[in-house]
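These notes concern the structure reproduced below.
Nothing in this text is a laboratory measurement; each read-out follows from the coordinates by a stated rule. Remember, predicted model here, so these are calculated numbers, not experimental data. Positions of Cβ are generated from backbone atoms using ideal geometry, with glycine treated the same way; all protein chains shown enter the neighbour counts.
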């Protein structure tokens, strides 16, 4: 997928890393809220069988997504990022 096309479609909290995957970081007021968000993302990921890398810390969650079988960003990743934006 063309990176300019990807840039035009992703939300403002997302960035393209190394031309290969999407990353966002979301902050929360505490660990409980961050964990609740991770659980929502995990449930969604399982429902669509597309699993991101998730890093959970106190008040912060970092998410990275890409399509492993394509070794890069696909329309599925963009749709996944949009779904995550709706969960925030």
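For the chain, what is the calculated [θ] at 222 nm in deg cm²/dmol (nearest 500), taking -39500 (n - 2.57) for each run of four or more DSSP H residues and dividing by its residue count?
Numbers: 3 runs with 38 residues, N = 88.
Value at 222 nm, helices only: -13500 deg cm²/dmol.
Suppose a student asked you for the relative contact order of the range 22-69, using Cα pairs under 8 Å spaced at least 6 residues apart; what percent would you report? Could the numbers behind the result be given before it?
Values: 61 pairs, mean separation 24.0, N = 48.
Relative contact order comes out at 50 percent.
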Check: Hey, what angle do you get for helix 75-87 against the long axis of the chain, alpha-carbon based, 0 to 90 degrees rounded to 10?
Finding: 20 degrees
Check: Each label point is 7 Å from the Cα along the Cα-to-Cβ direction; what then is the distance between the points at residue 9 and residue 40, in nm?
Finding: 2.4 nm
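What share of the DSSP beta bridges in the chain is antiparallel, in percent to the nearest 5? Don't skip to the end; give the middle numbers.
Working: 16 of 16 bridges.
In the chain, approximately 100 percent of DSSP beta bridges are antiparallel ones.
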Item checked: Residues in the range 51-72 reached by a label modelled at residue 27 [backbone nitrogen below 15 Å; 7 Å Cα→Cβ] -> 57-62
Checklist line | Listed values (1) -0.67, -0.76, -1.09, -1.13; (2) -0.38, -0.51, -0.84, -1.20; (3) -0.33, -0.45, -0.73, -1.05, entry calculated as log10 I(q)/I(0) by the Debye sum over Cα atoms at q = 0.12, 0.14, 0.18, 0.22 Å⁻¹ | finding: (3)
